[in-house]
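Structure incoming, see below.
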Number of protein chains: 2
Amino acid sequence: MKSFIEYSPNSDFPIENLPYGVFTSPKNVEKHIGVAIGEWILDLNVVSHLFNGPLLKDKQHVFKEEKLNAFMGLTRPHWIEARKTIQSLLDVSNTTLQNDSQLRERAFIKQREAKMHVPAEIGDYSDFYSSIHHATNVGIMFRGKENALPSNWKHIPIGYHGRCSSIVISGTPITRPYGQTLPVDGAEPHFGPCRLMDFELEMACFVGGPPTKVGERVIAKEAEDRIFGFVLMNDWSARDIQKWEYVPLGPFTAKNLGTSISPWIVTIEALRPYIVDNYPQDITPFPYLRHDDKFNFDIKLEVDLKPESSPVATTISRSNYRFLYWTVKQQLAQQTITGCNLRPGDLLGSGTISGDTSDSYGSMLELSWKGTKPLRLLNSEERKFLQDGDTVILRGYCIDENGVRIGFGNCEGKLLPALPIQE
Amino acid sequence: MKSFIEYSPNSDFPIENLPYGVFTSPKNVEKHIGVAIGEWILDLNVVSHLFNGPLLKDKQHVFKEEKLNAFMGLTRPHWIEARKTIQSLLDVSNTTLQNDSQLRERAFIKQREAKMHVPAEIGDYSDFYSSIHHATNVGIMFRGKENALPSNWKHIPIGYHGRCSSIVISGTPITRPYGQTLPVDGAEPHFGPCRLMDFELEMACFVGGPPTKVGERVIAKEAEDRIFGFVLMNDWSARDIQKWEYVPLGPFTAKNLGTSISPWIVTIEALRPYIVDNYPQDITPFPYLRHDDKFNFDIKLEVDLKPESSPVATTISRSNYRFLYWTVKQQLAQQTITGCNLRPGDLLGSGTISGDTSDSYGSMLELSWKGTKPLRLLNSEERKFLQDGDTVILRGYCIDENGVRIGFGNCEGKLLPALPIQE
Ligand SMILES: [Ca+2]
Ligand SMILES: [Ca+2]
Ligand SMILES: [Mg+2]
Ligand SMILES: [Mg+2]
Ligand code: NI
């Protein structure tokens, strides 16, 4: 495949990718749905009339919306037809768009001139805990080596419901929160700025397909048509606040201060060439969690930390989506097993994705082993947890055996100092 | 105050109440905003042109919406003006509506002919754990008398994020879920229908006011203008599933199977005459949680259980909102302390409201003391937990010293048998 739009061979957005996003631009303050191609965005609002396939010709309105929910709420055959149409419109052999200079002028916007937005109305957001290395590391640190993994962990893809309102798009700064902590076990709690601010390297899945009904289940074998695509996610976490609040009902204010996602949703269709074996599960899960097909992805993940004092970012972790023990199909089956209904646009976080070596961990908590092994940055500064002014940048990309590369763009955010509280 | 609409003295909806809801009716399939008065609904869509006060004359469109979010997103002065306008329109001395037989015909719908709907788009739903008797009871049952209350409990209004998609309106049946449980500690988990199905007697607060920004806090002293009103809530809970899944990230599938709310939102203005002393707090909380004014409410709460085999319901609990240790202002301050933003329409559950006597507990778990003390119903059946076909009915009402009574209507739901799973 070759597009008439030119891009470098290591672009995140070749014609094989075609991720969806929502943007505004100087010439258009209204939100439009677009597709990334090289350094450009193809504005689907402007070319909606060209979706003339049998499934979409009566559904062109979904490309005129300000959010992706209506498009997500269609079915996989619709998504596949949309992808084929876009690939064809961008193909070097197709003149429809290529040779219509007026339409072309209106239909393409430079990514660097656009402002990206959260691409869907997220009705519900859940976050899982599906990396066995992450769960084991946290277990060793807080409960000791003997009981590292909770006894339910290999039976249940553990998850919890998160906060939708504070999901923000890459580039949005995050403010260090105030909150309660317990600096000394058994002593009095303390109130003040978080001292153990952390990131979590995650990916998140946008749910697609028509809404299900309350009481309906989606078992793992039937989950595929519910999975629209993936973004990178940074689940900013206030570790000291989390530790004091999370018993018995789970993380709450330690996690609702802001969750960053990357703007481009990479679809399952684009990710198919990068499917790899599922992570071996040594306890056979209950049938509702079983699926025989491979649904794990070789997505290389990197975390950069750029301190305010330096223009140079240090890559502090190299991990991979494939380290997840539970697949996203299993996560979705768990989400719905008691009859919880889904809506298109729901977001499922993977949980922190840590590899099995100390340079592949997905949080400062693990990378600095609870602050006992500070990281050294390229400018010689040290880090146990995040400092004010630090920018955290997540990246993700896939390369197949023929060298075809697709990427997720960046998920980045800068940590601002705490705002003093007026009381 | 006296309305030209007649109603019985023990109606939940006298002119002093005027709760808001969203309904459809045989003559109108479109959702309209309405106010309950006696056995009628005043259709605000039809009378929106009569909101001619200084604040609302340019905002009449909020009464034409299909959800209450736009109205909730105004300010307390707007809500007060709306209440005055409605009270005046319904007053026996006002002829505008009373004597306009055509308008009157269009503006009033019998409640029994209407279908009620979830009254707002709930962007986020949190549930708290603010009843000291409930938290103590659960603690004694699961951790023993010595460590009944978690050590953070009197410092933090503990809460967790819940599932928005499965919030349903009173009258919607709930299906017994399948899920994983651990029948014997240390043995293998089991998969099948929930065996310990429970209700939770709660009230929930709808958040109002303009949206706040990510990073912004609403401390307890400033929380009042964010509190629009209350509904009854039944947080259906699968106890056996909850017990096996909730460590370490909190309740997930045990609670996302369905949460019922009553349809009429009773506003703070209507509740003001029933304000009582706050629950005494023996540990002074941090300043962000402090407020000097009374913001507790004498709302009498009752739970009826009606088995399928009998037309007779048994009142199995009599509790009161005033038993909550933490006020809703404190809950809201906790929700936002780390910078979590609010949107009008957000829902905050109180947590199960248990009194201090065994006939005032807010769940079967407590009423039957973990199944050790079965309840006897009026038809002589016994209950430890809910059985298929049981209908749970929550009621709430207030009576002041002059006998003025306002109520919340019912929050009810019938438990249907589990749907066998196809695997
Ligand atoms: Ca996480
Ligand atoms: Ca609850
Ligand atoms: Mg977060
Ligand atoms: Mg619930
Ligand atoms: Ni939500």
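The values are calculated or read from the model by the stated rules, or taken from the named source; none is laboratory data. Predicted model, so just to flag it, every value in this text is computed and none were measured. A quick note on method: Cβ atoms are made from the backbone with ideal geometry, for glycine too, and the neighbour counts reach across all protein chains shown. Areas reflect the complete protein model, heavy atoms only, side chains present, ligands, DNA and RNA absent. Shrake-Rupley method; radii C 1.70, N 1.55, O 1.52, S 1.80 Å.
Can you confirm whether A:GLY186 is in contact with a Ser or Thr (Cβ under 9 Å, 6 or more places away or on another chain), part of a loop (DSSP other than H, G, I, E, B) and among the small types (Gly, Ala, Ser)?
Here the answer is yes, as A:GLY186 does meet what is asked.
Scanning for something crowded, with 20+ Cβ neighbours inside 10 Å, within 16 Å of ligand 2 (Cβ to nearest atom), part of a loop (DSSP other than H, G, I, E, B) and within 14 Å of another protein chain (Cβ to nearest Cβ), does segment B:257-272 turn up at least one residue?
Scanning segment B:257-272, I find at least one residue that is crowded, with 20+ Cβ neighbours inside 10 Å, within 16 Å of ligand 2 (Cβ to nearest atom), part of a loop (DSSP other than H, G, I, E, B) and within 14 Å of another protein chain (Cβ to nearest Cβ), so the answer is yes.
With the condition kept exactly as written, say whether any residue in segment B:270-280 is within 16 Å of ligand 5 (Cβ to nearest atom), in contact (Cβ under 8 Å) with a residue 24 or more places away in the chain and on the phi < 0 side of the Ramachandran plot.
Within segment B:270-280, none of the residues are within 16 Å of ligand 5 (Cβ to nearest atom), in contact (Cβ under 8 Å) with a residue 24 or more places away in the chain and on the phi < 0 side of the Ramachandran plot.
On to the next question. Filter segment A:112-137 down to the residues that are under 14 Å from A:TYR325 (Cβ atoms), away from ligand 3 (no atom under 15 Å from the Cβ) and hydrophobic (A, V, I, L, M, F, W, C) and list them by number.
Once the filter is applied, which keeps residues that are under 14 Å from A:TYR325 (Cβ atoms), away from ligand 3 (no atom under 15 Å from the Cβ) and hydrophobic (A, V, I, L, M, F, W, C), segment A:112-137 yields A:ILE132, A:ALA135.
Does B:TYR279 count as part of a helix (DSSP H, G or I), away from ligand 3 (no atom under 16 Å from the Cβ) and in contact with a Phe, Trp or Tyr (Cβ under 9 Å, 6 or more places away or on another chain)?
Considered against the rule, which asks whether it is part of a helix (DSSP H, G or I), away from ligand 3 (no atom under 16 Å from the Cβ) and in contact with a Phe, Trp or Tyr (Cβ under 9 Å, 6 or more places away or on another chain), B:TYR279 comes out as no.
Please tell me if B:PRO189 is within 16 Å of ligand 5 (Cβ to nearest atom) and within 10 Å of another protein chain (Cβ to nearest Cβ).
no
Given the condition at the interface with another protein chain (Cβ under 8 Å from one of its Cβ atoms) and in a strand (DSSP E or B), answer yes or no: does some residue in segment B:165-173 qualify?
Within segment B:165-173, one or more residues are at the interface with another protein chain (Cβ under 8 Å from one of its Cβ atoms) and in a strand (DSSP E or B).
Would you call A:TRP79 surrounded by 15 or more Cβ atoms within 10 Å (Cβ to Cβ) and either part of a helix (DSSP H, G or I) or modelled with pLDDT under 95 (or both)? Give the derivation first.
Working: surrounded by 15 or more Cβ atoms within 10 Å (Cβ to Cβ): yes; either part of a helix (DSSP H, G or I) or modelled with pLDDT under 95 (or both): yes.
Judged against the criteria, A:TRP79 is a match.
Just need a number here: residues in segment A:115-151 that are part of a loop (DSSP other than H, G, I, E, B), among the polar types (S, T, N, Q) and closer than 18 Å to A:SER237 by Cβ. Before you say what the answer is, go through the steps one by one.
Step one: list which residues in segment A:115-151 are part of a loop (DSSP other than H, G, I, E, B), which gives A:118-124, A:129-130, A:144-151.
Of the ones still in play, those that are also among the polar types (S, T, N, Q) are A:130, A:147, A:151.
Filter once more, keeping what is closer than 18 Å to A:SER237 by Cβ: A:130.
Within segment A:115-151, residues that are part of a loop (DSSP other than H, G, I, E, B), among the polar types (S, T, N, Q) and closer than 18 Å to A:SER237 by Cβ number 1.
Another question, if that's okay. If you go through segment A:2-23 one residue at a time, how many are outside any loop (DSSP other than H, G, I, E, B) and more than 20 Å from A:VAL168 (Cβ to Cβ)?
1
If I ask for residues that are facing chain A (nearest Cβ under 9 Å) and crowded, with 21+ Cβ neighbours inside 10 Å, which ones from segment B:136-147 would you list?
Matches in segment B:136-147: B:VAL138 only.
Between B:THR85, B:THR24, B:THR95, B:THR75, which is free of Cβ contacts under 8 Å to residues at least 24 places away in the same chain and among the polar types (S, T, N, Q)?
B:THR95
Any residue in segment A:146-163 that is without any contact (Cβ under 8 Å) to a residue 12 or more places away in the chain sitting within a Cβ distance under 7 Å of a residue that is surrounded by fewer than 24 Cβ atoms within 10 Å (Cβ to Cβ) and not β-branched (Val, Ile, Thr)? List the pairs, counting only those 6 or more apart or interchain.
Short answer, once both residue conditions are applied: A:ASN147/A:GLY139; A:ASN152/B:TRP244.
If you don't mind, another one. Just checking, how many residues over segment B:148-166 are more than 27 Å from A:ILE241 (Cβ to Cβ) and open to solvent by 10 Å² or more (accessible area, probe 1.4 Å)? Write out each step before concluding.
Step one: of segment B:148-166, the residues more than 27 Å from A:ILE241 (Cβ to Cβ) are B:165-166.
Restricting the remaining residues to those that are open to solvent by 10 Å² or more (accessible area, probe 1.4 Å) gives B:165.
Residues in segment B:148-166 being more than 27 Å from A:ILE241 (Cβ to Cβ) and open to solvent by 10 Å² or more (accessible area, probe 1.4 Å): 1 in total.
Please specify each residue of segment A:49-76 satisfying the condition of being among the basic types (Lys, Arg) and either outside any helix (DSSP H, G or I) or within 23 Å of A:LEU342 (Cα to Cα) (or both). If you could, list the steps in order and put the result at the bottom.
Of the residues in segment A:49-76, the ones among the basic types (Lys, Arg) are A:57, A:59, A:64, A:67, A:76.
Those that are among the basic types (Lys, Arg) and either outside any helix (DSSP H, G or I) or within 23 Å of A:LEU342 (Cα to Cα) (or both): A:LYS57, A:LYS59, A:LYS67, A:ARG76.
Sticking with this one: Against the conditions (1) surrounded by fewer than 24 Cβ atoms within 10 Å (Cβ to Cβ); (2) touching an Asp or Glu at 6+ places or on another chain (Cβ under 9 Å), where does A:GLY371 fall short? Just the number, please.
For A:GLY371, the exception is condition (2).
Hey, another quick one. Residues to consider are A:GLU200, A:GLU216, A:GLU308; find the one that is farther than 20 Å from A:LEU324 by Cα and either surrounded by 23 or more Cβ atoms within 10 Å (Cβ to Cβ) or within 14 Å of chain B (Cβ to nearest Cβ) (or both).
From the options A:GLU200, A:GLU216, A:GLU308, the qualifying one is A:GLU216.
For B:ILE406, all conditions in the list (1) open to solvent by 20 Å² or more (accessible area, probe 1.4 Å); (2) in the same structural domain as B:LEU271 (by TED's automatic domain parsing); (3) of a type in the set (Val, Ile, Thr) hold save one; what is the number of the exception?
(1)
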